[in-house]
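The values are calculated or read from the model by the stated rules, or taken from the named source; none is laboratory data. All values reported here derive from a predicted model rather than from experimental measurement. Quick reminder, even Gly has a Cβ in these numbers, built from the backbone with ideal geometry, and neighbours come from all protein chains shown. Just so you know, the surface numbers come from the protein's heavy atoms only, side chains and all, with ligands and any DNA or RNA stripped out. Shrake-Rupley method; radii C 1.70, N 1.55, O 1.52, S 1.80 Å.
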Amino acid sequence: METPKRRSWAEPYKIKVVEPLKMTSREDRKRALEEAGYNTFLLKSEDVYIDLLTDSGTSAMSDYQWAGMMLGDEAYAGSRNYYNLERAVQTYYGYKYLVPTHQGRGAEHIISQILIKPGTYIPGNMYFTTTRLHQELAGGKFVDVIIDEAHDPAAEHPFKGNVDLNKLDALVKKVGADKIPYITVGVTVNMAGGQPVSMANLKEVRAYCQKHGIRVVYDATRAVENAYFIKTREKGYADTSIAAILKEMCSYSDACTMSGKKDALVNIGGFLALNEWDVFEEARNMVVVYEGLHTYGGLAGRDMEAMARGIEESVQEDHIRARIGQVEYVGEKLLALGVPIVVPVGGHAIFLDAKAFLPHLKQIEFPAQTLAAELYLESGIRSMERGIVSAGRNKETGDHYYPKLELVRLTFPRRVYTQAHCDVTVEAVAEVFARRNSIKGLKMVYEPKYLRFFQARFEKI
Ligand SMILES: Cc1ncc(COP(=O)(O)O)c(C=O)c1O
């Protein structure tokens, strides 16, 4: 039954299989946290009660997807599941050519290596960790061209992910369009708080880039969530289906990289999708070196089938309303308690504003890392730092990047947790908020070379 006017986000599914969770004591959690060097990425999953680390690869698959897993055609070449996935990508995203990859960063690697030459610039609407690193490894320099509001957690803008055309134009004037192989447009923007880009902005970016001969490459990881925000916030789209909005969005780009582990409801998988034959040919050749043959790209046939079916489910109106409705539910409760969070609430997560939550800590005392650790200690809920640790270091100066946003991300896996889990989460955050003035910061005692947030270790100051 279609119920588009209903406000409730009640789950449009019922539970068929359950996975028991372990309850831990504060003492257990204190020990686990010390062993993990105060880095939630280094906790063992069995020590976690509610896992809001990420929505990546953590979705619950449907019975339809699991049934598809049994239909895996594990032929080395030409698996029928590849063709099913190709059809799903063409139908729902609208690109002509598909290169499957083991996950999103596999696609980022390939497109970066093909299009980026040393000394070129890649503008983007805020960086994403793996995307920027692959651009840098290919010799490019990332330049942030997102609107200013995106860097202000309290700025209420319905499309905080929008590209600032003036910033883009300033870059083009400074370095020349021939030094810009493409622009990356994240839909939605993870690091800004899961914030969407409007259709109007996507059109403007397209028109500007066409004029200057610059390709547009989307990071389509959460494009379906972006489509939902266009439907609910942008004039003229209320009666358009999510599927139609998604396809229109993609029509303003040349290619996309995709982590299937988010919108597409699978535990592993990704792809690069393109419209240009020449670039596709090169990508199809390169994938053989790094991922696997071009008809499996590092995935089993069954994984491609699950992703093809997940794409189909991801654009269903009831699904996406419930998915984003759950996140909004938690956001509204936290706002009512006066907890500082990024507003408006984004698609996949609640982002606690750690600078406002722990104003007595300097950024170099890692407020967001500290807050994520305290939330785990309080409740067994695992979240993630998205601040100075995630931002890493400037390759040229060696100094930390000091991002304006210092956030803790409470990320909701799709179709996994119940409303009671949401309520426990709100209570736990409120408890840490009540004792926030007594919380001390951290110092970093181990720092790996790449993507340090995954493996860095800390001690209490
Ligand atoms: C916006 C965005 N882009 C790219 C990626 C990378 O995808 P993957 O983890 O599948 O390599 C992620 C993953 O978290 C993401 O959130």
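Quick notes on this one:
- Looking at GLY57, GLY72, GLY94, GLY106, just one residue is buried (at least 20 other Cβ atoms within 10 Å of the Cβ) and under 28 Å from VAL288 (Cα atoms), and that residue is GLY106.
- Matching residues, the stretch 48-73, being in contact with a Ser or Thr (Cβ under 8 Å, 6 or more places away or on another chain), of a type in the set (D, E, K, R) and within 15 Å of ALA264 (Cα to Cα): ASP55
- Within the stretch 215-232, being acidic (Asp, Glu) and either more than 15 Å from the ligand (Cβ to nearest atom) or not in a helix (DSSP H, G or I) (or both) holds for one residue alone: ASP219.
- If the condition is being among the β-branched types (Val, Ile, Thr) and open to solvent by less than 40 Å² (accessible area, probe 1.4 Å), then the stretch 287-299 contributes VAL287, THR295.
- Test: residue in the stretch 142-160 that is open to solvent by less than 20 Å² (accessible area, probe 1.4 Å), within 24 Å of GLY106 (Cβ to Cβ) and either at pLDDT 95 or above or within 16 Å of the ligand (Cβ to nearest atom) (or both): no
- Residue check for GLU108: within 13 Å of the ligand (Cβ to nearest atom), modelled with pLDDT of 95 or more and charged (D, E, K, R): yes
- Failed criterion for ASP28 (all others in (1) assigned to a loop (DSSP other than H, G, I, E, B); (2) over 17 Å from GLU312 (Cα atoms) hold): (1)
- The selection criterion, being within 16 Å of the ligand (Cβ to nearest atom), more than 14 Å from the chain's Cα centre (by Cα) and at pLDDT 95 or above, holds for ILE183.
- Residues located in the stretch 113-130, provided they are within 16 Å of the ligand (Cβ to nearest atom) and among the hydroxyl-bearing types (Ser, Thr, Tyr): TYR127, THR129, THR130
- Residues that are under 26 Å from PHE412 (Cα atoms) and more than 16 Å from the ligand (Cβ to nearest atom) within the stretch 187-214 comprise SER198, MET199, listed in sequence order.
- Subset of the stretch 254-269 that is among the hydrophobic types (A, V, I, L, M, F, W, C) and in a strand (DSSP E or B) - its residue that is farthest from the ligand (Cβ to nearest atom): ALA255
- Being buried (at least 18 other Cβ atoms within 10 Å of the Cβ) and on the phi > 0 side of the Ramachandran plot is true of PHE366.
- For the stretch 17-70, taking the residues that are polar (S, T, N, Q) and under 28 Å from ASP303 (Cβ atoms), the one that is farthest from the ligand (Cβ to nearest atom) is identified as SER62.
- Matching entry among ARG284, ARG321 (being within 23 Å of SER56 (Cα to Cα), open to solvent by 10 Å² or more (accessible area, probe 1.4 Å) and among the basic types (Lys, Arg)): ARG321
- Residue in the stretch 230-238 that is surrounded by fewer than 24 Cβ atoms within 10 Å (Cβ to Cβ) and under 16 Å from GLN103 (Cα atoms) present: no
- Of the residues making up the stretch 382-414, those that are over 16 Å from GLU447 (Cβ atoms) and among the basic types (Lys, Arg) are ARG382, ARG386, LYS404, ARG409, ARG414.
- Residue within the stretch 439-461 that is open to solvent by 30 Å² or more (accessible area, probe 1.4 Å), in contact with a strand residue (DSSP E or B) (Cβ under 6 Å, 6 or more places away or on another chain) and of a type in the set (Asp, Glu) present: yes
- Within the stretch 74-98, residues that are within 26 Å of VAL217 (Cβ to Cβ) have Cβ atoms under 6 Å from residues that are polar (S, T, N, Q) and assigned to a loop (DSSP other than H, G, I, E, B) in these pairs: TYR82/THR295; TYR95/ASN275; LYS96/ASN275, counting only partners at least 6 apart in sequence or on another chain.
- Residue ranges of strands (runs of 3 or more DSSP E) in the stretch 370-461 with at least 2 members within 30 Å of VAL266 (Cα to Cα): 384-386, 407-411
- The single condition from (1) more than 21 Å from the chain's Cα centre (by Cα); (2) of a type in the set (A, V, I, L, M); (3) open to solvent by 20 Å² or more (accessible area, probe 1.4 Å) that VAL48 fails is (3).
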